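In what follows, a single structure is set out as structure tokens and then discussed.
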Amino acid sequence: MPHHFSALDALAGTPVTKAHATGNDFVMLADADGRYSVDADQVAALCDRHLGIGGDGLIRAVPAHRSHDAAAEELLSTAGLSSTDEAPLWFMDYRNGDGSIAEMCGNGVRAFAHFLLAEELIALEEGQELTILTRAGLRTVRKVAEGYAIGMGIWSFIDPELAQNNASDALVMARGLEDPRPALSISMGNPHTVVALPEAETLEALDLTEKPTVDPVPPHGTNVEFVVPGEPLVEDGVGHVRMRVHERGVGETMSCGTGACAAAAAVRVWAAQDGVDTWAVQVPGGDVMVRFIPRQDGAEDVELSGPAELVMSGTLR
Ligand SMILES: N[C@@H](CCC[C@H](N)C(=O)O)C(=O)O
């Protein structure tokens, strides 16, 4: 426990902000000059809900060319991207609350955009689009009436052979379930395992204080989404899903943006509802919308939209 205090000594005097997007909460750090290198212990200390500020994760907002992040630097050079002091490509350096690194965070991108705007690091009018960099690659942000619409890239099956039968590739067991249930593994740049439950009562009865077990064990861990299809599943052309999530590197969270996209994709596949492109995903922290957009190459882009809020700003002591 005391290591939390010493971990933060080096960050004394650093301005921080707390933000959330449908209850998925983050400690935000603006690093326009690329002077902070936050290690795993510091992230865990800041995200600690008793000894720190508290958050599901930490987001450092830094121009890609000043990030000192191996993934960002590799993407900059291999994808021939440009980031300069005059025209920075903002990199979302996202970390899970336990200090581990994740490729992507959908709710995080909304909080990130809102934070960049509030800090006057970007300008973005309603309807305009901004491109940002994540470890999973480029993502787009559009300011819309309900908050931000994020271009999340494509969704894909983690096991491509599943494209043949679209059923399940894993078994998941959690406290509150009587038996392990079949699940489908989907990538949104980060890994997800989606489990369908028969009714809302089973979803509510789950105890996600304990990490669900996934068989086979995913090599890099996974986020596990438990979903109940809406009744009716589709109303006025919009699909409905309820979801709870246990996030890799965090635990149960009130919302997960990449998870909502994976959940909508899995339910759409299971229910053979390819024609339904818009899905409302209800999470404990609110509602997010997921839209599937067909591409020329047969894959589908995913757009996630929802709100983001800043809660407080202060200085680390
Ligand atoms: N809450 C996020 C996902 C954050 C990363 C995740 N825990 C992982 O390890 O992949 C979201 O909104 O997408």
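The values are calculated or read from the model by the stated rules, or taken from the named source; none is laboratory data. What you see is a predicted model, and the numbers here were worked out from it, not measured in a lab. Here the Cβ positions follow ideal geometry from the backbone for every residue, glycine too, while neighbour counts run over all protein chains shown. To get the accessible areas, we keep the full protein, side chains included, count just its heavy atoms, and leave off ligands, DNA and RNA. Shrake-Rupley method; radii C 1.70, N 1.55, O 1.52, S 1.80 Å.
With a 1.4 Å probe and every protein chain kept in, tell me what percent of the accessible surface of segment 156-296 is carbon plus sulfur. For segment 156-296, the apolar C and S fraction of the accessible surface comes to 50 percent. Here the dipole of segment 152-275 is about 340 debye; that uses its Cα centre as origin and unit charges on the Cβ of Lys and Arg (positive) and Asp and Glu (negative).
When peptides 301-307, 263-269 are sorted by average Cβ neighbour count within 10 Å, with the highest value leading, the order is 263-269, 301-307. Near A40, once Lys and Arg are set to +1 and Asp and Glu to -1 for all other residues with Cβ below 14 Å from its Cβ, the sum equals -4. 3J(HN,Hα) along segment 189-205, derived from phi through the Karplus expression 6.51 cos²θ - 1.76 cosθ + 1.60 where θ = phi - 60°, amounts to x, 10, x, 9, 10, 9, 10, 8, 10, x, 8, 4, 4, 5, 5, 5, 7 Hz, with x in place of Gly and Pro. Taking amide hydrogens as placed 1.01 Å from N in the peptide plane, the amide H of A170 sits under 5 Å from those of A183, each at least 5 positions away in sequence or on another chain. Among G99, G221, G298, the largest mean-square fluctuation in a Gaussian network model of the chain (Cα springs under 10 Å) belongs to G298.
Placing +1 on the Cβ of every Lys and Arg and -1 on the Cβ of every Asp and Glu, with nothing else charged, gives the chain a dipole about its Cα centre of roughly 440 debye. A protection proxy built from the mean count of other Cβ atoms within 10 Å ranks the segments 210-218, 43-51, most packed first, as 43-51, 210-218. Note on segment 285-310 and segment 100-163: Cα centroid distance 10 Å, given to the nearest whole angstrom. Of the residues W155, W90, W270, the one that moves most in a GNM of the chain with alpha-carbon contacts below 10 Å is W270.
Relative contact order for the chain: 19 percent, from Cα pairs under 8 Å spaced at least 6 residues apart, divided by residue count.
Charges at C-beta only: +1 for Lys and Arg, -1 for Asp and Glu. How large is the resulting dipole of segment 1-82 about its Cα centre, in Debye rounded to 20? Intermediate results must be reported in sequence, preceding the final value.
Numbers: 5 positive and 11 negative charges, 45 e Å.
The dipole magnitude comes to about 220 debye.
With all protein chains present, how much of the accessible area of segment 50-93 (probe radius 1.4 Å) comes from carbon and sulfur, to the nearest whole percent?
On the way: 990 of 1940 Å².
Carbon with sulfur: 51 percent of the solvent-accessible area.
Binning every alpha carbon pair distance of segment 42-99 at 5 Å from zero, what are the percents per bin? With a bin width of 5 Å, the distribution comes to 5, 20, 22, 17, 13, 11, 8, 3, 1.
I want the local charge near A72. Using Cβ-Cβ distances under 11 Å, sum +1 for each Lys or Arg and -1 for each Asp or Glu among the other residues. Taking every Cβ under 11 Å from that of A72, the sum is -1. Accessible area per residue for the chain is 44 Å², calculated with a 1.4 Å probe on protein heavy atoms, without ligands, DNA or RNA.
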